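Asker: Right, I'll just put the structure down here and ask away after.
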Amino acid sequence: MAQPKDYIWTTPSHHSSESMPCGGGDIGMNVWVEDGDILLYVNRSGTFDENNTLLKLGRIRLKLFPALDTASCFQQRLCLHDGYVEVSDGEKTVQIWADVRKPVVHIDIDSRKPVGVVAAYESWRHRDREMIKRESWQSSYKFGAPKGTLTRRDHITAKGNAICFYHQNTDSTIFDATVRQQHLSAYQTQLYNPLEHLVFGGRLTGDGFVVADSYTGKYDYTDYQGWWLKSCENKKHQELLLTLATVNGSVDDWHQTLMKTEHSVNSVSDRKNARKWWNQWWQRSFVYGDGDSEEVTRNYMLFRYMLGCNAYGQWPTKFNGGLFTFDPSRVDTAQAFTPDYRRWGGGTYTAQNQRLVYWPMLKSGDYDALKVQLDFYRRLLGNAELRSKIYWNHDGACFTEQMENFGLPNHDEYGRKHPDWFDAGVEWNAWLEYTWDTALEFCQMALEMERYDANYRAEVYIPLVKSCIDFFDQHYRMLARQRGRKELDGDGKLILYPGSACETFKMAYNSTSTIAALRCVTSTLIEYLSKHGADSVDINKYKKILLTIPEIPTRNIEGHQILAPAAHWERVNNIEAPMLYPVWPWRMYGIGRDSMQLALDTWNIDPYVKKFYGHVSWEQHNIWAACLGLTEEAKLLTLKKMSNGPHRFPAFWGPGHDWTPDHNWGGSGTIGMQEMLMQEVNDKILLFPAWPKEWNVHFKLHASKNTTVEASLYEGRITDVKVFPKYREQDLVMPDFDRQQ
């Protein structure tokens with residue numbers, strides 16, 4: 001089986017935006033060489049401060065004596081197959097890697113001749129820092145933090161052979177402010193609060209090292225303080241260890257967790273196990289290409305590597321940079337803030353964007369990584385259900401867009417001037433009001449995960465799926481009763497008003513994105529319950545709900561019937577095309593399905609589809625083109641979407657609509673390429689349904705029923721087709737390249 005190619009630089013970098021990602025487990029690092037020094041930004045999933053900023057854990061600086069020779073024989077290499085970064089000048093080699101199963105970073109230095117090593121821990125949180133205007137975007141205060149809001153200093157000590165640092169959240173956090181704002185103070189003790197008593201940080205140490213001087217400096221636009229850790233003697237081999245810990249508890253709890261992890265380290269076996277994990281990650285799924293497809297397929301693999309770096313985090317990979325943001329002035333010179341900055345918050349999860357990061361994990365077979373996002377919703381289920389009870393006195397989970405990591409609407413997006421007369425459960429926000437249906441996509445992912453691989457049981461997610469469906473059923477019946485005597489329309493259907501078709505078609509009546517989601521998730525749930533012998537009362541309940549879900553609305557333009565974004569809407573707020581959501585993600589229309597012409601006419605005729613056509617960030621026309629078999633358009637959009645980004649590392653796309661690296665840019669590009677390579681329709685597996693025959697490629701992807709498909713396309717000929725289990729070969733449908741559009 002082929003291995004992913006190493007990604008190599010032969011010259012050093014100038015600043016942090018020219019960094020290379022490295023990580024594993026739930027750790028991400030930006031690694032670069034600047035002026036002979038090796039630098040690392042260290043990030044970990046779940047390091048949320050009082051303001052819900054996702055804080056970096058600091059910067060590591062490494063100096064070698066004699067210094068790295070960056071003028072000749074220099075190489076910085078990302079070894080994808082084994083999951084580490086290596087810096088070498090031919091004489092001296094430094095390997096940087098993260099343990100996949102433990103929160104530990106290893107820095108291994110080897111040299112043909114003995115070398116001296118000086119490592120430094122650098123922190124810009126050596127003092128309290130007041131958030132300045134616009135910097136509050138990094139927090140859950142978003143557009144405007146209260147005057148005097150601080151990013152509080154870390155606790156840092158340097159003694160013996162170690163530098164120890166941690167951030168301890170204060171007793172009052174943005175959670176408390178959000179609860180007060182949203183009229184939930186009486187229920188605060190019932191709400192899940194991940195920020196409470198949160199302590200996170202780490203310890204940099206090394207055998208044969210000793211703490212030396214401290215110093216101050218300025219990097220990019222940010223002042224910092226550093227602490228040196230110096231090797232006592234020159235050696236051919238030296239190791240540094242950065243052990244991390246995060247707890248909800250006391251500082252003593254944190255320190256005990258930290259030391260327990262450090263004492264468990266066995267560098268030899270841990271390295272072997274970490275590399276074995278990465279080897280298996282690449283055996284699971286891959287897309288290799290050459291010639292015209294080499295750049296986009298390479299970037300597909302580089303992006304999947306970054307997703308693998310948070311395969312086991314407690315918190316999902318953030319759409320707006322993941323674990324790999326760098327100094328913000330290198331993204332936007334007007335935002336010259338600290339390295340902790342990212343636009344659209346740290347603990348705020350925008351569902352429409354997050355889904356694009358996680359949908360591709362089904363076909364890549366990365367169900368362990370997908371569980372991180374699904375468990376996020378399962379963990380917040382109680383808070384979402386409590387909102388429905390408190391605000392509307394009915395059952396069901398109300399998950400909003402721009403939702404915090406504690407399940408409530410973002411503080412700023414809820415509305416700092418939320419009127420007392422307005423429904424307290426609805427965001428006072430022109431984009432987000434009544435935007436509730438994206439959670440259903442994560443419900444579908446949970447159900448699909450078991451359809452793909454029965455080893456990943458959906459059972460634990462069934463309460464989440466049921467509750468999300470129940471919310472729409474009960475909430476819109478309630479709203480109808482408030483307006484009149486009947487809770488269903490004349491055809492016995494729910495009246496989904498007021499609603500929202502994505503963030504775009506607002507105050508919608510029977511939104512297409514909502515109807516398609518409810519129809520598909522409810523049908524899949526019924527299928528699941530029937531398969532697993534659930535109580536007939538339960539099954540019949542959801543069969544009855546399914547009967548009440550309206551038909552997808554259509555409209556007539558230029559004599560053609562096309563899919564409508566909703567039956568009616570009052571205004572347009574964004575640039576999304578929810579009339580194509582029945583094509584993807586809901587797969588009701590497309591290649592090999594009924595009413596293909598309806599979907600094609602929508603693509604070709606609808607004025608909003610044309611107006612909003614694009615490839616930037618979360619824009620998903622590339623996916624729809626693939627699902628409709630529009631090979632040439634899918635190809636051109638993929639070239640725009642997945643070609644090299646603006647930074648030295650080619651998969652650091654963005655900022656687009658969000659930030660850099662833009663992970664929903666990479667996610668939507670990845671989904672589109674998967675759909676070009678393989679689709680499933682009515683238990684049939686379509687091979688290369690929208691892949692251009694002139695693009696050489698070798699891929700392995702996953703399908704339902706524990707199936708993997710591997711195939712090569714070279715100079716227009718399909719070879720090496722492998723389907724497992726073998727009986728599914730009968731379901732394979734080969735392409736007719738001569739009929740491709």
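Asker: Take Ser523 and Asn644, extend 7 Å from each Cα along the Cα→Cβ direction, and tell me the distance between the two endpoints in nm.
Answerer: The answer from the label model is 4.5 nm.
Asker: Please give the length that would be gained between Ala212 and Asn393 if that part of the chain were fully extended, namely 0.36 nm times their separation in residues minus their C-alpha to C-alpha distance (nm, one decimal).
Answerer: 59.0 nm
Asker: To continue, here is another question. Charges at C-beta only: +1 for Lys and Arg, -1 for Asp and Glu. How large is the resulting dipole of segment 655-716 about its Cα centre, in Debye rounded to 20?
Answerer: Values: 4 positive and 8 negative charges, 41 e Å.
The calculated dipole for segment 655-716 is roughly 200 debye.
Asker: Dipole of the chain, Cα-centred, from +1 at each Lys and Arg C-beta and -1 at each Asp and Glu C-beta, to the nearest 20 debye? Write out the running numbers ahead of the final one.
Answerer: Working: 83 positive and 92 negative charges, 122 e Å.
Using only the charged Cβ atoms, the result is roughly 580 debye.
Asker: Share of segment 462-613's accessible area from carbon and sulfur, percent, 1.4 Å?
Answerer: 49 percent
Asker: Just the number please: accessible area per residue for segment 259-386, 1.4 Å probe, all protein chains included, in Å².
Answerer: Per residue, segment 259-386 has an accessible area of 27 Å².
Asker: Another question, if that's okay. Heavy-atom accessible area per residue, segment 23-128, 1.4 Å probe: how many Å²? Walk me through the intermediate numbers first.
Answerer: Numbers: 2560 Å² over 106 residues.
Solvent-accessible surface per residue comes out at 24 Å².
Asker: Summing -39500 (n - 2.57) over the DSSP H runs of n ≥ 4 in the chain and dividing by its residue number, what mean residue ellipticity at 222 nm do you reach, to the nearest 500 deg cm²/dmol?
Answerer: Mean residue ellipticity, 222 nm, calculated: -9000 deg cm²/dmol.
Asker: Hey, if you put +1 on the Cβ of every Lys and Arg and -1 on every Asp and Glu Cβ in segment 319-451, which of Gly365, Tyr391, Gly345 ends up farthest toward the positive end of that dipole?
Answerer: Highest projection toward the positive end goes to Gly365.
Asker: Using 0.36 nm per residue, how much length does the chain from Ser595 to Cys232 gain when fully extended, once their Cα-Cα distance is taken away?
Answerer: 123.3 nm
Asker: If you put +1 on each Lys and Arg Cβ and -1 on each Asp and Glu Cβ, how big is the dipole of segment 329-413 around its Cα centre, in Debye rounded to 20?
Answerer: Its charge dipole is roughly 160 debye.
Asker: Which entries in Lys102/Lys693; Lys133/Lys640; Lys466/Lys640; Lys641/Lys722; Lys5/Lys113 show an alpha-carbon gap greater than 32 Å?
Answerer: Lys102/Lys693; Lys133/Lys640; Lys466/Lys640
Asker: Given R₀ = 35 Å, what would the calculated FRET efficiency be for His155 paired with His183, taking r from the Cβ atoms and rounding to 0.05?
Answerer: Working: r = 35 Å, r/R0 = 1.01.
The formula returns an efficiency of 0.50 here.
Asker: Next up: Using a Förster radius of 25 Å, what is the FRET efficiency between Asn248 and Gln190 based on their Cβ-Cβ separation? Nearest 0.05, please.
Answerer: The pair Asn248/Gln190 has a calculated efficiency of 0.90.
Asker: Can you give me the distance in nm between label points at Glu632 and His263, each placed 7 Å from the Cα along the Cα-to-Cβ direction?
Answerer: About 6.9 nm, to one decimal.
Asker: Read phi for every residue in segment 137-150 and hand back ³J(HN,Hα) as whole Hz from Karplus 6.51 cos²θ - 1.76 cosθ + 1.60, θ = phi - 60°, with x for Gly and Pro.
Answerer: 4, 6, 10, 7, 7, 6, 6, x, 7, x, 4, x, 5, 10
Asker: Something else: Can you work out the PRE-style zone for Glu715? Point 7 Å along Cα to Cβ, and I want the residues of segment 254-298 with backbone N under 17 Å.
Answerer: From segment 254-298, the list is 290-293.
Asker: Using a Cα-Cα cut-off of under 19 Å, which aspartates and glutamates could be cross-linked to Lys610, ignoring same-chain neighbours fewer than 8 residues away?
Answerer: Glu503, Glu558, Glu576, Asp601, Glu619, Glu632, Glu633
Asker: So, in Å, what gap is there between the alpha-carbon centers of segment 177-216 and segment 569-614?
Answerer: Distance between centres, Cα-based: 44 Å.
Asker: If the reach is capped at under 19 angstrom between alpha carbons, list the aspartates and glutamates near Lys531, excluding any in the same chain fewer than eight residues apart.
Answerer: Glu448, Glu450, Asp453, Glu459, Asp683
Asker: What net charge do the residues around Gly206 carry, taking every other residue with its C-beta under 13 Å from that of Gly206, with Lys and Arg at +1 and Asp and Glu at -1?
Answerer: Net of charged neighbours comes to -2.
Asker: Return the aspartates and glutamates within reach of Lys159: Cα separation strictly under 20 angstrom, same-chain partners fewer than 8 residues apart disregarded; answer none if there are no such residues.
Answerer: Glu122, Asp207, Asp213, Glu233, Glu239, Asp252, Glu262
Asker: Please report, as a whole percent, how much of the solvent-accessible surface of segment 648-718 comes from carbon and sulfur atoms (probe radius 1.4 Å).
Answerer: Carbon and sulfur together cover 46 percent of it.
Asker: Here's something else I'd like to know. Trypsin sites (Lys or Arg not before Pro) within segment 645-741: which are DSSP loop residues with at most 16 other Cβ atoms inside 10 Å?
Answerer: On the way: sites: Arg648, Lys684, Lys693, Lys700, Lys705, Arg717, Lys722, Lys726, Arg728, Arg739; in loops: Arg648, Lys693, Lys705.
The qualifying sites are Lys693, Lys705.
Asker: Starting from the Cα-Cα distance between Ile8 and Ala454, subtract it from 0.36 nm times their residue separation and give me the gain in nm to one decimal.
Answerer: This chain segment gains 156.7 nm when fully extended.
Asker: Let me ask something additional. Give the peptides 257-266, 130-139 in descending order of average Cβ contacts within 10 Å, highest first.
Answerer: 130-139, 257-266
Asker: Rounded, prolate or oblate for segment 601-699? Axes are the square roots of the Cα gyration tensor eigenvalues, ordered a ≥ b ≥ c, and the cut-off for rounded is a/c under 1.5.
Answerer: Note, shape of segment 601-699 comes out oblate.
The values are calculated or read from the model by the stated rules, or taken from the named source; none is laboratory data. Source: prediction; values computed, not measured. In this analysis, Cβ positions are derived from the backbone assuming ideal geometry, glycine residues included, and neighbour counts consider all displayed protein chains. For accessibility, only protein heavy atoms count, side chains too; no ligands or nucleic acids. Shrake-Rupley method; radii C 1.70, N 1.55, O 1.52, S 1.80 Å.
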